[in-house]
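What follows is a set of notes on a single structure, which appears directly below.
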Amino acid sequence: MKHKIYILLFFIGCNQLLFSQQDPQFTQYMYNMSVINPAYTTSNIGVINIGALYRSQWVGVKGAPKTGTLFLHTPINEKIEVGISFINDDIGDIVKENKISGDFAYKINLREKHALSFGLKAGVSLYDANISNGNIDLVDPSDPNFSRNINKSFFNIGAGVYYNTDKLYLGASIPNILKESYLELNNGVAQGVKENHMFFTGGYVFTLSDKFKFKPAFMARFSKATDPSIDITSNFLYKDSVEFGIGYRLDDSINGLVNFKISQMLRLGYAYDYTTSNLGNYSNGSHEVFLLFDIDANKNGYDKSPRFF
């Protein structure tokens, strides 16, 4: 039974005539913000922020998605921040997509520790679907719509806005504004299309004592093709070094999160998603790890603005 999940993952949101490919989801979104929102900025000039995240979704399901992201960004002056981001999305070694984008953000300092940023993202997406060799269950190999592999590239742009203080952030973004059409059926009735997604994010840091901080956060994702996806996360930070908490993704999963400040330069995190949807009958949950690495190129120190997000 599990092997039949292959086709369900490939045609997420499909019926017999229409399917749409969806953007990957992340549990530790607050530490993967550059990939979601090109307007995300920091405050430390001369510090290069590098991050990597890997997600293995629905472990135990044959053909389940595996996603990796990598980003690098740095402010070049008080108003401009630039970066680059990369996403690799792999569904069962059948569908593979690689995206590389350049990010540009312009920041307006409103008053002390308050900033509003506007961002643009531009890049290319390389899409490959190996569907013609009969390795996808429930697909009729004689169907002309699935008689050849799909190899396409797409140019895309994104935009976002980001407001933050040293305790608060709010963001809105569309990382892919242009639709990507993968497959047109021979009768011309339908296409495989990736709809654009709109993200809303936010978080706040409450100081509970000299040792503990409370960090609630949320992410809401909307598209025309699917129901809204809403994440609510509650983390506690101990001595600015160890962070732990729980999260809930509406109608999908309950999540546990933890991360550690290994050094002034390095932070390592892990999250586990317990699937609460019907897919939980087949899945052993999802695993996600991230690594943040900050390089102080000017050796000015890291204490100007604690990196809570």
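Read-outs: derived from the displayed coordinates by stated rules, not from any lab. Just so we're clear, the structure is a prediction, and the values are computed from it rather than from any experiment. With ideal geometry, Cβ positions are generated from the backbone for all residues, glycine too; neighbour counts draw on all protein chains shown.
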Going down the list Lys107/Lys261; Lys121/Lys224; Lys99/Lys215; Lys113/Lys239; Lys179/Lys215; Lys107/Lys152, which pairs span over 25 Å between their C-alpha atoms? Lys107/Lys261; Lys99/Lys215; Lys179/Lys215; Lys107/Lys152
With each label point set 7 Å from Cα along the Cα-Cβ vector, what nm distance links Ser209 and Lys179? 5.5 nm
Quick one: go through region 42-75 and flag any residue whose amide nitrogen is under 15 Å from the point 7 Å out along the Cα-to-Cβ line of Asp166. 43-45
Can you pull the one-decimal nm distance between simple spin-label points at Val289 and Ala220, each 7 Å off the Cα toward Cβ? 3.4 nm
Can you compute the modelled spin-label distance between Met265 and Glu78, with each label point 7 Å from Cα toward Cβ, in nm? 2.9 nm
